[in-house]
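Notes follow the structure.
The values are calculated or read from the model by the stated rules, or taken from the named source; none is laboratory data. Because the structure is a prediction, the values reported are computed rather than measured. Neighbour counts are summed over all protein chains in view; Cβ atoms, including those assigned to glycine, are modelled from backbone coordinates with ideal geometry.
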Amino acid sequence: MAILFQTPSPPLLHFKFKQLLSFRINSTRVFIFLLLILNICLLPILSSGYAYGECIEGNCENGHGKFTLPDGSTYVGEFKNGTIYGHGKLTFPNGLTFEGEFKNGKVDGQAKQINPDGSIYIGEFKKNLAHGYGVLTFLDGTKIVGEFKDGRFTGKGKVYNPDGTLFIN
């Protein structure tokens with residue numbers, strides 16, 4: 001059975017480059033993060049918005065199942081009326097992973113995003129975008145803790161150095 005669902009639309013995490021530079025976060029790291037996540041990793045996979053796949057295990061109509069897409073992406077979790085809905089895990093071939101709450105085929109609610117570059121966002125999502133309180137941790141240990149809105153860090157929060165000391169309050 002083929003099921004139609006909406007995959008997360010790019011970009012999932014937006015950061016105002018000017019905002020990040022104002023925090024004096026290493027601009028090379030930010031550039032690599034943006035390049036990898038927004039341009040190389042997400043756009044080719046998610047450009048269509050909708051995708052057909054196959055239920056390979058369980059009940060992908062109303063229940064728990066495993067669903068695969070032609071690009072090799074997999075979703076394991078709950079379905080409602082043939083749509084990704086409830087708790088689950090969506091994994092892309094490039095290593096990008098979302099685990100948490102989904103509504104109507106989108107990441108919505110509490111979730112964890114693991115990016116191919118090793119950075120991790122844990123927090124609230126709304127319609128595939130970081131929205132609400134969250135923590136973004138870079139591979140070197142730098143953390144941004146605070147409010148996100150429409151996928152962007154609002155500036156309301158704190159930035160911590162890799163050693164745990166407060167960089168910006």
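Observations on the structure shown:
- Single residue of the range 92-107 satisfying the filter (modelled with pLDDT of 95 or more and polar (S, T, N, Q)) that is surrounded by the fewest Cβ atoms within 10 Å (Cβ to Cβ): THR97
- Among the residues of the range 140-159, those identified as surrounded by 16 or more Cβ atoms within 10 Å (Cβ to Cβ) and among the basic types (Lys, Arg) are LYS143, ARG152.
- Among the residues listed as LYS112, LYS89, LYS66, the single one being of a type in the set (Lys, Arg), more than 17 Å from the chain's Cα centre (by Cα), assigned to a strand (DSSP E or B) and at pLDDT 90 or above: LYS66
- The range 117-128 - residue that is under 11 Å from the mean Cα position of the chain (by Cα) and part of a loop (DSSP other than H, G, I, E, B) and, of those, surrounded by the fewest Cβ atoms within 10 Å (Cβ to Cβ): LYS127
- Residue among LYS103, LYS126 that alone is basic (Lys, Arg) and more than 24 Å from CYS55 (Cβ to Cβ): LYS126
- Scan of the range 129-139 for residues that are under 15 Å from LYS106 (Cβ atoms) and either hydrophobic (A, V, I, L, M, F, W, C) or surrounded by 17 or more Cβ atoms within 10 Å (Cβ to Cβ) (or both), ordered by number: LEU129, ALA130, HIS131
- Single condition PRO162 does not satisfy, out of (1) buried (at least 19 other Cβ atoms within 10 Å of the Cβ); (2) touching an Asp or Glu at 6+ places or on another chain (Cβ under 6 Å): (1)
- Positions within the range 129-169 being small (Gly, Ala, Ser) and not in a strand (DSSP E or B), in sequence order: GLY141, GLY151, GLY164
- Single condition ILE120 does not satisfy, out of (1) among the hydrophobic types (A, V, I, L, M, F, W, C); (2) closer than 15 Å to PHE98 by Cβ; (3) at pLDDT below 95: (3)
- Search result, residues across the range 69-86 that are among the acidic types (Asp, Glu) and modelled with pLDDT under 95: ASP71
- Of the residues in the range 132-139, at least one is of a type in the set (A, V, I, L, M, F, W, C) and in contact with a helix residue (DSSP H, G or I) (Cβ under 7 Å, 6 or more places away or on another chain).
- Selection of the range 75-85 for residues being surrounded by fewer than 16 Cβ atoms within 10 Å (Cβ to Cβ) and assigned to a strand (DSSP E or B) yields only LYS80.
- Taking the listed residues GLU147, GLU99, the one that is within 24 Å of GLU78 (Cα to Cα), in contact with a Gly (Cβ under 8 Å, 6 or more places away or on another chain) and without any contact (Cβ under 8 Å) to a residue 60 or more places away in the chain is GLU99, with no other qualifying.
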